[in-house]
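Shown next, in structure tokens, is the structure this report addresses.
The values are calculated or read from the model by the stated rules, or taken from the named source; none is laboratory data. Nothing here was measured: the structure is a model prediction, and the numbers come from that model. Every residue, glycine as well, gets a Cβ built from its backbone with ideal geometry; the counts of neighbours run over all protein chains shown. Note: accessible area is taken over every heavy atom of the protein model, side chains too, but ligands, DNA and RNA are not part of it. Shrake-Rupley method; radii C 1.70, N 1.55, O 1.52, S 1.80 Å.
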Amino acid sequence: MTSEQDTVPASTEPERLRDASASQRWLVLVLPPLMVLMMLGVTGLYWYRAHNESLDKRLRNFHAAAEQIAYNLRDRMSTYEVMLRGVQGYVDGSERIERGEFQSYVGALQMQQTRPGLQGISLVMFVQGSGLAAHLADIRGRGFSGYTVHPPGERAQYAPITHIEPLEGRNLEALGLDALTLPPAREALERARDTGRLALSGLLGPLPPGTPAQGEVGLFLPVYSTLLEAETLSGRRRAIRGWVAAPFRVGDVVKGLSREFDPDIALAIYDGEEPLPEALLYGEPGLQAQALARGAVQTSRRLEVGGRAWTLRMAPLPAFDLRHEDEGHHLVAVMGVFISLLLGWFAWVLATGRERAAALARRMTAQLRGARDDLESTLSAIPDLLFELDAEGRIHHCRSAHMPQSALDPTQFVGQRLQDIVPPGEAAGCLQAVRAALANGYSAGHQYHLEVDGQTHWYELSIARKDSTHPGEGPRFVALARDVTERQQAQARTHQLAYFDALTGLPNRRMLLDRLGLALAAARRNGQIGALLFVDLDNFKQINDARGHTLGDQLLAEVASRLTGLLRPGDTVARLGGDEFVLLLQGIATDMATAGRQALAVAERVREALELPYAIDTHLYSSTGSLGITLFPKRAEGVEDLLREADTAMYRAKDLGRNRIRFYEAAMQADVQERLALEQDLKKAMAEGQLAAYIQPQVDAQGSVVGGELLMRWSHPVRGSVPPARFIPIAEASGLILPMGAWMIEKACDAIAQLQKQGKPLSISVNVSQRQFRQEDFVERVRNVLAQTGATPSCLVLEVTESLLIENLDDTIARMTELVHLGVRFSIDDFGTGYSSLAYLKRLPLYELKIDKSFVQDTPDDPSDTAIVQSILSVARHLNLRVVAEGVETQAQADFLAASQCDCLQGYLFYRPEPLGGWLDGMLRPARESTS
Ligand SMILES: Nc1nc2c(ncn2[C@@H]2O[C@H](COP(=O)(O)O[C@H]3[C@@H](O)[C@H](n4cnc5c(=O)[nH]c(N)nc54)O[C@@H]3COP(=O)(O)O)[C@@H](O)[C@H]2O)c(=O)[nH]1
């Protein structure tokens, strides 16, 4: 054994697999069909048996029903015979039968109830031909005077019906009928006579038309005159006295039995042994043919009645078949077939499972390989840089099928973070796109640029989130970076062509209108005034025509360059076409007057720049420009309106002789011109001593002078006295306020010093403008003046406005604090017209509040102004500040303010502003006089 085992080579694994797969194939081929066939066989056998049983059962039921019909018919005939024998006995025992007696007898039988189908019971007398007359006389003598034997005629023998009950209907016609004249009746009469037994006749008359047949027959029993003689045939023939008869219709009999018959069985009754059509007594003539046509079974029964045979033919009607249909086995068979096929399929699935799994694996592998190859081809066809990175921006894979040779090798990025590769700003943008992909699954459209080989390259990112298949590992992202440099450049070129002038590179009309729209909206929003300056070269056409377009273009380019050089960042210079340029200045002031002045200043610089000579191709050319200005926003004007206004103003400038500047707004034009003129005059006014210091004294509640406010006055040689409200803003805007303000502080300190020398420490207030206060060395200047004059600082009160204080509050506080440390005091001028907030008041080192005259004027009559004044006084008390009410003109105002505990009053009621020198003289005179 051992040696044998050693000599048998061990089968290799592939061989075993081959063997296994061969047996597998055998199983696949044989097992499933075998199982199906077996199951189908079992199902077929079951069905065959069940079907046959069903047919047998139906057949049995049919034969039982047929038997039942035959039995019932036979039984009914027997009852007829029994009844007829009763009548026979009755007649045998009677010499003579009267009609009434017979009627009573038959009536007692209750034929209709007990023997349905019988037409009646009759007596048939045998009459020799010679005895006919006596017979007629006898019957007529019994009350039937119209009695006669029919059919008429002389015959050797007669068998007339002499009694019949019930005597009604067709039975009346039968009375007197000679039964021997009817052959079937004669045959039955003679058979009954000769045998002494019950005799059934054949069909007594022709069948009535229509179906089913309703054949009429009769049962006959002989009655003999003496029974002794009836022992023999000849004796019976001699002794025959008559017959008792029972005619009936076969159909009526069947009908009477219908409740005992199966209604779903068709019945036909034939007279005789054969089912001949002419012998049909009852039933459908075509029953047999119909049954044959349906393939239904048929059966016959023989019935012997009264020495005669009837043939009963029976066949089941369709309803009978239906009634006995048993379809359960069909359903079971169908189920069996289904289960067989199912089992076969299941066996096939089991048997082929491994093979199919292998086939599926092969197919899937092939598909995967195909998909991989497709993907590889697709990736190779994508010209973009593809990389996979994580949420932190670290690159894990990178590939690019068509990266230019000159570009960086993408594989060097693997392992690095975006932040290490691209500049911080670009990296932040890319990481934001990664975060968007993390949130939404996908992000596209983010663009960034890189410097590659000294050139700017634009890339567009498309990033898709790739959920990790490894548990615990964060999501990865597949990013595609497409080089969109050419698209960017094309877009930039398109944008440049659409929005910029090709010759000068300046924004064109379209871009200007865009920016003007934005500037207008911003100006309406933030209350900043802007200006639009329309520039047209005065003699460009002549130069262009005379020197050619090339030179004209060069001139325009130079103009563009000069205009651009004049603008602040945020402003726009545009070329509308030809020699027309527009400057858009934004946020130049918060009020129209200042804005007008600023716009005019810019326009003036533009005008001056344009009139400088142009050096082109070693030649010098001269040109000037006319400028139109409009300011915005005004009302509801649009961008086109503004452009038209500036254009109109420019034409006005040209009309005035070119190289001019005009405002679109006539009032603005006048105002600006006036201001320019005043500004020029103000410069001279200082030098020529036209400015003077006035003082308006301030009194306490008792009317005693406690100080005064210095006010500047300008006595113009031509215009006369120019109000401060007119020249102070011009001085502020032009910067002239700085020397003027300094001069006023000197005057105040000098006055304080003089007064204090005389022992009158009156306080003198001086208005300090915004520009003056913001002066770098303002504190130093005040300190110097105080030092130079020797004035007591606490007598110097600097009046500043609320708006000055609010702007740059911290710096303001610091500067005020420095001055307060010098001993100088601060007063808020025009208090109540501005912010009037307790919050900032508390932070400021203040000494005094001056209630604006606009509130004072309506006190004490106007309740709201009165309330405002009282609340200002209350706030001041709370903050421990002195209060001066200015513009006091009436005694009522003074009384009210005194009653309200206002510290100090200033107004025309007490004093008008007067020259400082004169006032000082007045204040110092009593002292001087007393000292002299
Ligand atoms: N920065 C400087 N501002 C100055 C200087 N001098 C004057 N001003 C400012 O000019 C504005 C107008 O001043 P003025 O025309 O002098 O008017 C002052 C008074 O004359 C006027 N006033 C005084 N009492 C009454 C009165 O009873 N009725 C009435 N209708 N007017 C009266 O009030 C002005 C004083 O105002 P205020 O300074 O607010 O106290 C004015 O704003 C001056 O500030 C200067 O040297 N530097």
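Going from the alpha-carbon gyration tensor of segment 451-555, what semi-axes, largest first and in whole Å, does one get by taking the root of 5 times each eigenvalue?
Output for segment 451-555: semi-axes of 49, 25, 9 Å.
Can you tell me what the convex hull of the Cα atoms of segment 779-918 projects to on average, as an area in nm²?
9.1
What angle do you read, to the nearest 10 degrees and between 0 and 90, between the alpha-carbon axis of helix 724-734 and the longest principal axis of the chain?
80
First measure r as the distance between the Cβ atoms of S561 and A892, then evaluate 1/(1 + (r/R0)^6) with R0 = 45 Å and state the FRET efficiency to the nearest 0.05.
On the way: r = 68 Å, r/R0 = 1.51.
Efficiency for this residue pair is about 0.10.
Leaving out ligands and nucleic acids, note down the accessible area per residue over the chain with a 1.4 angstrom probe, in whole Å².
Roughly 51 Å² per residue, with all protein chains present.
For the Cα atoms of the chain, what angle does the longest principal axis make with the long axis of helix 639-655, in degrees from 0 to 90, nearest 10?
30
Sticking to Cα atoms, compute the Rg of segment 500-664 to one decimal and its Dmax as the biggest Cα-Cα distance, whole number, in Å.
15.4, 50
How big is the dipole moment of the chain about its Cα centre under a simple scheme where the beta carbon of each Lys and Arg is +1, that of each Asp and Glu is -1, and everything else is neutral? Debye, nearest 20, please.
Here the chain has a charge dipole of around 2100 debye.
Give the cross-link partners of K747 among the aspartates and glutamates, using a straight C-alpha distance below 18 Å as the criterion and excluding same-chain residues fewer than 8 apart.
Correct list for K747: E688, E709, E780, E799, E914, D921.
Evaluate the relative contact order of the chain (contact order divided by residue number), counting alpha-carbon pairs under 8 angstrom at least 6 apart; express in whole percent.
RCO, the chain: 6 percent.
Could you tell me how many cubic angstrom of Cα convex hull volume segment 73-314 has per residue?
128
Just round it to a whole percent: the fraction of Cα-Cα distances in segment 382-491 exceeding 22 Å.
That fraction is 27 percent.
What number comes out for the charge environment of V782, summing +1 per Lys or Arg and -1 per Asp or Glu over other residues with Cβ under 11 Å away? Write down the numbers at each step before the final one.
Details: positive: R781, R783, R815; negative: E746, D777, E780, E818.
Residues near V782 contribute -1 overall.
Can you check what the Kirkwood hydrodynamic radius comes to for the chain, Cα pairs only, in Å to one decimal? Kindly include the intermediate steps, with their values, before the conclusion.
Working: mean 1/r = 0.0219 Å⁻¹.
By the Kirkwood definition, the hydrodynamic radius is 45.6 Å.
How large a share of the accessible area of segment 690-924, in percent, is made up of carbon and sulfur atoms when the probe is 1.4 Å and the other protein chains stay in place?
Result for segment 690-924: 50 percent of the exposed heavy-atom area is carbon or sulfur.
Need one word for segment 690-924: rounded, prolate or oblate. Basis is the Cα gyration tensor (sqrt eigenvalues a ≥ b ≥ c); a/c below 1.5 gives rounded, then a/b vs b/c decides.
Verdict is rounded for segment 690-924.
Projecting each Cα onto the charge dipole of segment 382-491 (Lys/Arg +1, Asp/Glu -1 at the beta carbon, about the Cα centre), which of A391, L461, Y448 comes out farthest on the positive side?
The residue sitting most towards the positive pole is A391.
Can you check what the net charge comes to around M650, using other residues whose Cβ is under 12 Å from the Cβ of M650 (Lys, Arg +1; Asp, Glu -1)?
Residues close to M650 contribute a combined charge of 0.
So what is Rg over Rh here for segment 88-186, counting just Cα atoms and using Kirkwood for Rh?
So for segment 88-186, dividing Rg by the Kirkwood Rh gives 0.96.
Restricting to DSSP H runs of at least four residues, report the calculated mean residue ellipticity at 222 nm for the chain, -39500 (n - 2.57) per run over all residues, nearest 500 deg cm²/dmol.
Value at 222 nm, helices only, nearest 500: -16500 deg cm²/dmol.
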